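One structure is given below, represented as C-alpha cells, and several questions about it will come after.
Just so it is clear, none of the values below were taken in a lab; they were calculated from the coordinates. Only a predicted model underlies this, so the values are computations on that prediction, with no experimental measurement involved. Neighbour counts run over all protein chains shown; Cβ positions are idealised from the backbone, glycine included.
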Amino acid sequence: MTTLFQKLGGTAAVDLAVDKFYERVLSDNRIKHFFTNVDMDKQRTHQKAFLTYALGGTDKYSGRHMREAHKSLVLQQGLNSEHFDAVVENLMITLKEMGVGEELLSQVAAIVTNPQHKKDVLNQ
C-alpha cells in the first residue's frame, strides 16, 4: 500500500515543502507574529516530523500533542480559527506551487483540517 507520504515524494518532498511553507508563513502578516523568537530550525524539524507522521510516513510521533504545543499561543497570543485557517491556506498554496495535484491536495486538506485536529490546536 502506498501512503500519502510516498505519493507526495517522501522525505525529500516533505523537507522541501516545510522549508517553503515557513518562507510563506514568515511573510504572512496574519500569522508571522506567532513565530517571533522561535528557533525556526527546531520548528522546521518538528513540523517535518509531524507531517511525516500525519501523512503516513511513520506510525510513530514523539513530539508534543497539538493541544499542549499550542496552548500558550491560544492563551497568551490569541491563536484562533482565522490563524489556523491561514496556516492551512499557506500549506496548501505551498504544495500547489510544488506541483501537487488536486487529488493529493484534497487528501492533505482532509488530514490537516480534521475537526478534532483543529480543536486540539485551538485548545477547544
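Tell me, what is the percent relative contact order of the range 4-121, built from C-alpha pairs under 8 Å that lie six or more residues apart?
36 percent
Now for a different question. Would you mind computing, in nm to one decimal, how far apart the modelled labels at THR2 and SER106 are, each placed 7 Å from Cα along Cα→Cβ?
Modelled inter-label distance: 1.7 nm.
Return the long-range amide H neighbours of LEU122 (sequence gap of 5 or more, or a different chain), with a cut-off of under 5 Å between placed amide H atoms.
Residues meeting the amide H criterion: none.
Highest GNM mean-square fluctuation, the chain, Cα pairs closer than 10 Å: which of LEU55, LEU91, LEU75?
LEU75
Tell me, what HN-Hα J-couplings in whole Hz come from the Karplus equation 6.51 cos²θ - 1.76 cosθ + 1.60 at θ = phi - 60° for each residue of the range 7-12, using x for Gly and Pro?
Working through the residues one at a time gives 4, 7, x, x, 4, 4 Hz.
Next question, about the same structure. Kindly express, to the nearest 10 degrees and within the range 0 to 90, the angle between helix 40-54's C-alpha long axis and the longest C-alpha principal axis of the chain.
Approximately 50 degrees, to the nearest ten.
For the chain, would you read off the P(r) tail past 20 Å as a percentage of all alpha carbon pairs?
Of the Cα pairs, 41 percent sit more than 20 Å apart.
Among all the lysines, which ones have a C-alpha under 21 Å from LYS7's C-alpha, if same-chain residues fewer than 8 places away are not counted?
LYS20, LYS48, LYS60, LYS96
Report, in whole Å, the centroid distance computed from the Cα atoms of the range 90-116 and the range 8-49.
After rounding, the separation between the Cα centres reads 15 Å.
Can you tell me the orientation of helix 66-77 relative to the chain, as the angle in degrees between its alpha-carbon axis and the longest Cα principal axis, to the nearest 10?
40 degrees
In whole Hz, what ³J(HN,Hα) sequence does the range 85-102 give by Karplus (6.51, -1.76, 1.60; θ = phi - 60°), x for Gly and Pro?
Values, residue by residue: 5, 5, 5, 4, 4, 5, 5, 5, 4, 4, 5, 5, 5, 7, x, 5, x, 4 Hz.
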